[in-house]
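Shown next, in C-alpha cells, is the structure this report addresses.
The values are calculated or read from the model by the stated rules, or taken from the named source; none is laboratory data. Since we're looking at a predicted model, the values are computed, not measured. Reconstructed Cβ throughout: ideal geometry from the backbone, glycine too, with neighbour counts over all protein chains shown. Remember, those area values only see protein heavy atoms, side chains included, never the ligands or the DNA or RNA. Shrake-Rupley method; radii C 1.70, N 1.55, O 1.52, S 1.80 Å.
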Amino acid sequence: MSIISLHLVTNTSLPIPGLEPWYADPQDPALTVMTDFRERASVTVPDTAAIDEALDTGVRCAFAIDDRRRVVVGLITAYDITGEKPMQYMQTWAILRREVLVRDIMQEISGCRVADIKHIERATVIDVSNMFATNRLTHVPVMETSETGEQRLRGLLSAAKVKRLLLRSESIRRNGTIIGATLPTSISSAPSA
C-alpha cells in the first residue's frame with residue numbers, strides 16, 4: 001500500500017482552471033484532442049426526440065439512444081439536422097419538420113466509421129487531422145474493446161475541435177512563442193459519411 005503525501009501550494013495565486021489558452025501542437029498525443037468518456041459524460045439525445053429539440057442542446061454531435069433499452073443506436077450531428085437530410089425525409093414521407101425525429105435522419109451506430117483507442121493512443125494530433133482530411137468526416141467515435149471482447153464507446157474526435165486547436169497553435173507559433181512542425185493548410189469539415 002502506498003502512502004499519498006500532501007504538501008502546501010508555494011504560490012500565492014494560481015491561474016483559474018479552464019481559462020488558460022488551450023491549443024494543440026501537431027506532434028502532441030492524439031489523446032489531448034479526444035473527448036474521453038472516462039473523464040466527461042457523452043452527450044446523448046433520445047432517438048425519439050424531434051430534430052429541432054436535439055439541435056437546441058447546442059452541441060455539434062450527440063449519440064442517439066434508445067431510452068427503452070438504454071443503449072446507443074446512432075449518431076446525429078448539427079450538420080445532419082441543418083443540412084438536406086430533414087428536407088429529403090419530409091418530402092419522402094409528406095410530413096412537417098416538427099414531425100422529423102432523430103432516428104429518422106441519424107446515422108445508425110452500426111454504420112459509423114470508428115477509430116480504435118489503441119491506434120489513438122499511438123497517434124499524434126496531426127495524424128487525427130490527416131484522418132479527418134482523408135475521410136471527410138466531422139466526427140469519429142473512438143471504440144475500446146475489453147479483454148472479453150465487449151466493445152464500448154471510449155471517446156469522440158471532432159474535426160472542428162482539432163482544427164480550432166491547431167489554428168490556435170499556429171497563431172501562438174507566429175507570435176514566436178512556439179517552434180514546431182508545420183500545419184496542414186486546410187482541415188476538412190465536410191459532412192459525415
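I need a count of the residues in the stretch 68-80 that are over 18 Å from Ser42 (Cβ atoms) and surrounded by 11 or more Cβ atoms within 10 Å (Cβ to Cβ).
As a first pass, look at the stretch 68-80 and keep what is over 18 Å from Ser42 (Cβ atoms): 68, 79.
When the remaining residues are screened for being surrounded by 11 or more Cβ atoms within 10 Å (Cβ to Cβ), the result is 79.
Total meeting the criteria: 1.
Residues in the stretch 120-164 that are surrounded by fewer than 17 Cβ atoms within 10 Å (Cβ to Cβ) and part of a loop (DSSP other than H, G, I, E, B): how many?
6
Restricting attention to the stretch 138-186, which residues are modelled with pLDDT of 65 or more, more than 25 Å from Gly111 (Cβ to Cβ) and not hydroxyl-bearing (Ser, Thr, Tyr)?
Passing the criteria: Glu147, Arg164, Leu165, Leu166, Leu167, Arg168, Glu170.
Would you check which residues across the stretch 63-89 are of a type in the set (Lys, Arg) and over 12 Å from Met106 (Cβ atoms) and list them? Give the derivation first.
Filtering the stretch 63-89 for residues of a type in the set (Lys, Arg) gives 68-70, 85.
Of everything in the stretch 63-89, those that are of a type in the set (Lys, Arg) and over 12 Å from Met106 (Cβ atoms) turn out to be Arg68, Arg69, Arg70.
Would you confirm whether or not the stretch 13-27 contains a residue that is under 18 Å from Pro141 (Cα atoms) and surrounded by 13 or more Cβ atoms within 10 Å (Cβ to Cβ)?
No: zero hits.
Pick out the one residue from Ile95, Ile65, Ile51 that is modelled with pLDDT of 95 or more, out of contact with any strand residue (DSSP E or B) (no Cβ under 8 Å at 6 or more places or on another chain) and open to solvent by less than 70 Å² (accessible area, probe 1.4 Å).
Being modelled with pLDDT of 95 or more, out of contact with any strand residue (DSSP E or B) (no Cβ under 8 Å at 6 or more places or on another chain) and open to solvent by less than 70 Å² (accessible area, probe 1.4 Å) holds for just one of Ile95, Ile65, Ile51, which is Ile95.
Looking at Arg103, is it surrounded by 13 or more Cβ atoms within 10 Å (Cβ to Cβ), in contact with a strand residue (DSSP E or B) (Cβ under 9 Å, 6 or more places away or on another chain) and among the charged types (D, E, K, R)?
yes
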